[in-house]
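The next block holds one structure in the form of structure tokens; read it before the comments.
Laboratory data are not the source of any read-out in this text; all were calculated from the coordinates shown. Quick caveat: nothing in here was measured; it's all calculated off a predicted structure. Note: ideal-geometry Cβ built from the backbone for every residue, glycine included; neighbour counts use all protein chains shown.
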Amino acid sequence: MNILHEDISNNILRLGDLYYGPTSDKPLRIIGFDNAEVFYDAQWSDESWTFSGNFKRKGFFYRMPAKIFIKHYNKIGTLPLSSEELAAFRPDLPMRILRTKNLNWNDFLVNDQDKFLDYIHESLDGDSQNQIIKSNKIVLVPLGRKGGLKKGVSISADNSFYFTPTEIIWKAKEIQESQNDEKSHGIGIYRLGFEKGIPSYKIGEYTNEYISTLGID
């Protein structure tokens with residue numbers, strides 16, 4: 001793949017853009033972003049990349065607040081993502097969904113799946129009720145009692161195409177509560193990276209280390 005160099009005069013982020021900055025003398029490459037965060041790959045001294053080419057392993061994406069990335073890093077070119085990289089990195093998937101203070105792991109008022117649908121819809125705002133993950137499989141990684149990540153669990157979408165909000169929360173509830181019996185402070189599902197080619201997400205609280213400094217309430 002050829003690197004396309006160009007001069008830019010704006011701060012528009014694009015997939016595949018290469019940047020230099022204060023943390024490395026090798027380029028960083030954007031592999032996902034939204035208005036809050038940037039996910040990036042990092043090149044090594046042998047010109048290999050941390051995530052690209054290692055699609056069958058487990059990888060937690062490097063990340064940085066978008067405002068900090070734009071302020072401190074300078075674009076030096078573009079290396080477009082290949083079809084294989086797009087399939088592995090899935091930059092089309094949401095970085096964080098189903099964040100609410102109205103629900104807490106280990107504190108759901110219903111345990112019957114048939115009653116769970118109404119209960120969840122009453123607890124989520126309108127935007128959250130429309131959030132889905134367009135993948136037939138994802139890995140959910142629970143949070144341990146001391147804050148560390150436990151072993152991820154692969155789950156499949158009931159409709160074989162995408163995960164609905166209720167399905168995500170129900171399955172995350174079962175996984176999280178099997179590993180940690182403490183009541184959480186809200187809930188949230190946060191993109192981590194991938195495991196063996198499957199998108200991975202952290203089962204978290206309303207805020208976590210990735211967004212707590214970004215002013216998102």
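How do Val110, Val139, Val38 line up, fewest other C-beta atoms within 10 Å first? Intermediate results must be reported in sequence, preceding the final value.
On the way: Val110 12, Val139 20, Val38 25.
With the sparsest Cβ surroundings first, the list reads Val110, Val139, Val38.
Taking every Cα atom in the stretch 39-98, find the radius of gyration and the maximum pairwise distance Dmax, and write them in Å.
Spelled out, the Cα radius of gyration and Dmax of the stretch 39-98 are 12.9, 40 Å.
Can you work out the FRET efficiency for the pair Val110 and Ala87, with r the C-beta to C-beta distance and R0 = 35 Å, to the nearest 0.05?
0.40
Give me the extension gain from Thr100 to Glu47: residue separation times 0.36 nm, minus the current Cα-Cα distance, reported in nm with one decimal.
Gain in length upon complete extension: 14.9 nm.
What Kirkwood radius, in Å to one decimal, follows from the Cα pairs of the chain?
18.4
Can you list the HN-Hα couplings for the stretch 110-124, worked out from phi with the Karplus curve (6.51, -1.76, 1.60; θ = phi - 60°), rounded to whole Hz and with x for Gly and Pro?
10, 10, 8, 4, 5, 8, 5, 4, 5, 4, 5, 4, 6, 9, 9
Whole angstrom only: what separates the Cα centroid of the stretch 110-138 from the Cα centroid of the stretch 71-94?
Centre-to-centre (Cα) distance: 30 Å.
Under the Kirkwood approximation for Rh and a Cα-based Rg, what ratio Rg/Rh is obtained for the stretch 85-175?
Checking Rg against Rh, the ratio lands at 0.96.
Within the stretch 167-192, find all residues whose amide N lies under 18 Å from a label point positioned 7 Å from the Cα of Leu117 along Cα-to-beta-carbon.
It comes to 167-172, nothing else.
Can you work out the PRE-style zone for Asn35? Point 7 Å along Cα to Cβ, and I want the residues of the stretch 59-77 with backbone N under 15 Å.
66-67, by backbone N distance to the label point.
At 222 nm, what value in deg cm²/dmol follows for the chain if DSSP H runs of at least 4 each add -39500 (n - 2.57) and the sum is divided by all its residues, to the nearest 500? The partial results should precede the final answer.
Working: 5 runs with 44 residues, N = 217.
Calculated mean residue ellipticity at 222 nm is -5500 deg cm²/dmol.
What trypsin sites (Lys or Arg not before Pro) in the stretch 86-119 are in a loop by DSSP, with at most 14 other Cβ atoms within 10 Å of the Cβ?
Listed in order of number, the matching sites are Lys101.
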